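Everything below concerns the one structure shown next.
The values are calculated or read from the model by the stated rules, or taken from the named source; none is laboratory data. Because the structure is a prediction, the values reported are computed rather than measured. All Cβ positions, even for glycine, are placed from backbone atoms using ideal geometry, and neighbour counts span all protein chains on display.
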Amino acid sequence: MLDITLLRRDLDAVVAQLQRRRNPQPFLDVERYRALEAERKQIQTATEGHQARRNALSKQIGQMKGRGEDAGALMAEVNGIADALKAGAERLEQLQAELQHMLMSVPNLPQPGVPDGADESANHEIRRWGEPRAFDFTPRDHVDLGAPLGLEPDTGALLSGSRFTFLRGPVARLHRALAQLMLDTHTLEHGYTECYTPYIVNGEILEGTGQLPKFKQDMFWVTRGADDGDAPQAEQYLIATSEIPLTNTVRGQILDAAQLPIKLTSHTPCFRSEAGSAGRDTRGMIRQHQFDKVEMVQIVHPEHSAAALDEMTGHAEKILQKLELPYRVMALSTGDMGFGAARTHDLEVWIPTQGTYREISSVSNCEAFQARRMQARFRNAAGKPELVHTLNGSGLAVGRALVAVLENHQQADGSVHVPVALRPYLGGAEILRA
């Protein structure tokens, strides 16, 4: 959530920054905001006047009573002021709630160096690693390669509908091995603490990281019946990423500066009800309603978040390098960044049968945007509470890593070469075959 003092200090500058995101519809109803702010100021000014008048009257009443004079008229005026103050306080609370609700749907402001553009076509390539392989045979896609190894889209569709996949045998083991490699690398080499999180969270937790209220329709909602005699449970949600529970672990806290940075990682399934546009990536595992991801989260001092973004990007890159997969790093444009991000780096892995790079990790610096929603703070050098900065990134999307390994390391006979770093997790196997 944006700092409302930014809007009060220079609304036009904030609107100009929001316009850099190139959304067809304005993120902020400026006229409504101006009206609410004008009324808020009027009530606060009136409140100050009422309070000053009440204080003056109270002093007069005390003096009159001391002289034995009748202060009834002044006391009646004080009672009227009390009623006006109560009404003003109630209206001010309503205004603050509406302003808060308005701000909850406004995205983060892009940092100055973020490329301007409406969509992914304006993304800027930072670097690339590895060269796409030149095959001396016609490569098969991951669905055809995976079928003999236990990749079963039809079984997934039978059980749950479209965009679900069932894994069995060798490919299921490969999926698990990839997640284990990622977790071990991040915990043993990159200094993250491994976590196991709930997969179901409360609504206010999603508000903290920015999924609610704006993206409710993208979530899977969970409801359950009440136990005997109990009231029904509040609406809950399946997580779209473990960024949600990991980041919220500092919700409502004031940390010691010495605790920073906090570096957390977790392997979880992720659930998104709108996984892609109709007709796009309907074949295979590129876009799924349920997919696994190893997530990285850092909670850092504001002065260190820019460096942390580069560090986390490198951590995700390390996994792709261990898997011997060609990739490129992209700086996302203002129109392609996520709701809570101030700056984002995407890692895109080469997919041979598509002849292009596809996103496998997105690493974002949210600055204080999420922390303000969560009220996550630390004590600065002056001993005063200050908002932390939060960052999150995929390290990596496990299903897309599986797709990339199958396609990039396939052999002419349909077997799959196992990258050296992955072999200890597959019993030392150098080749994966049915």
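Annotations
- Taking the conditions (1) outside any helix (DSSP H, G or I); (2) in contact with a Lys or Arg (Cβ under 9 Å, 6 or more places away or on another chain) in turn, Leu28 satisfies each one other than (2).
- Segment 125-162, subset of a type in the set (D, E, K, R) and out of contact with any helix residue (DSSP H, G or I) (no Cβ under 8 Å at 6 or more places or on another chain), residue farthest from Val418 (Cα to Cα): Glu125
- Meets criteria (over 30 Å from His345 (Cβ atoms) and β-branched (Val, Ile, Thr)) for Ile81: yes
- Cβ pairs under 9 Å, 6+ apart, first in segment 379-403 and over 23 Å from Glu311 (Cα atoms), second crowded, with 24+ Cβ neighbours inside 10 Å and of a type in the set (Lys, Arg): Gly399/Lys293
- Of all residues in segment 383-426, exactly one satisfies the criterion of being of a type in the set (A, V, I, L, M, F, W, C), part of a loop (DSSP other than H, G, I, E, B) and surrounded by fewer than 19 Cβ atoms within 10 Å (Cβ to Cβ), namely Ala412.
- Taking residues in segment 357-376 that are free of Cβ contacts under 8 Å to residues at least 60 places away in the same chain, and partners anywhere that are among the acidic types (Asp, Glu), the pairs with Cβ atoms closer than 8 Å and at least 6 places apart or on different chains are Tyr357/Glu348; Glu359/Asp346; Glu359/Glu348; Ile360/Glu348; Ser361/Asp346; Ser362/Asp346.
- Exactly one residue out of Ala429, Ala341 is in a loop (DSSP other than H, G, I, E, B), at pLDDT 95 or above and in contact with a Cys (Cβ under 9 Å, 6 or more places away or on another chain), and it is Ala341.
- Flag for Gln370 being over 29 Å from Val114 (Cα atoms), modelled with pLDDT of 95 or more, buried (at least 24 other Cβ atoms within 10 Å of the Cβ) and not hydrophobic (A, V, I, L, M, F, W, C): no
- Options Arg272, Arg287: the member that is of a type outside the set (Phe, Trp, Tyr), modelled with pLDDT under 95 and closer than 27 Å to His389 by Cβ: Arg272
- The set of residues in segment 51-81 that are touching a residue at least 24 places away in the same chain (Cβ under 8 Å) and either among the polar types (S, T, N, Q) or within 24 Å of Glu98 (Cα to Cα) (or both) contains only Gln51.
- Residue match in segment 151-174 (condition: assigned by TED's automatic domain parsing to the domain that holds Thr268, of a type in the set (Val, Ile, Thr) and farther than 27 Å from Thr356 by Cα): yes
- Flag if Ser333 is among the small types (Gly, Ala, Ser) and under 14 Å from Thr209 (Cα atoms): no
- Check on Arg91, modelled with pLDDT of 95 or more, out of contact with any strand residue (DSSP E or B) (no Cβ under 8 Å at 6 or more places or on another chain) and either of a type outside the set (Lys, Arg) or more than 26 Å from Ala376 (Cα to Cα) (or both): yes
- Any pair with Cβ under 7 angstrom, 6 or more apart, that starts in segment 121-146 at a residue that is under 19 Å from Gly399 (Cα atoms) and outside any loop (DSSP other than H, G, I, E, B) and ends at one that is modelled with pLDDT of 95 or more and aliphatic (A, V, I, L, M): His142/Val403; His142/Leu406; Val143/Leu151; Leu145/Leu406; Leu145/Val416; Gly146/Val171; Gly146/Leu406
- Scan of segment 351-361 for residues that are surrounded by fewer than 23 Cβ atoms within 10 Å (Cβ to Cβ) and not β-branched (Val, Ile, Thr), ordered by number: Pro352, Gln354, Gly355, Tyr357, Arg358, Glu359
- Scanning segment 197-237 for residues that are at pLDDT below 95 and of a type in the set (D, E, K, R) yields Lys214, Lys216, Asp218, Arg224, Asp227, Asp228, Asp230, Glu235.
- Set side by side, the residues Thr155, Thr265, Thr223 differ, and just one is closer than 30 Å to Glu430 by Cβ, over 20 Å from the mean Cα position of the chain (by Cα) and among the β-branched types (Val, Ile, Thr), which is Thr155.
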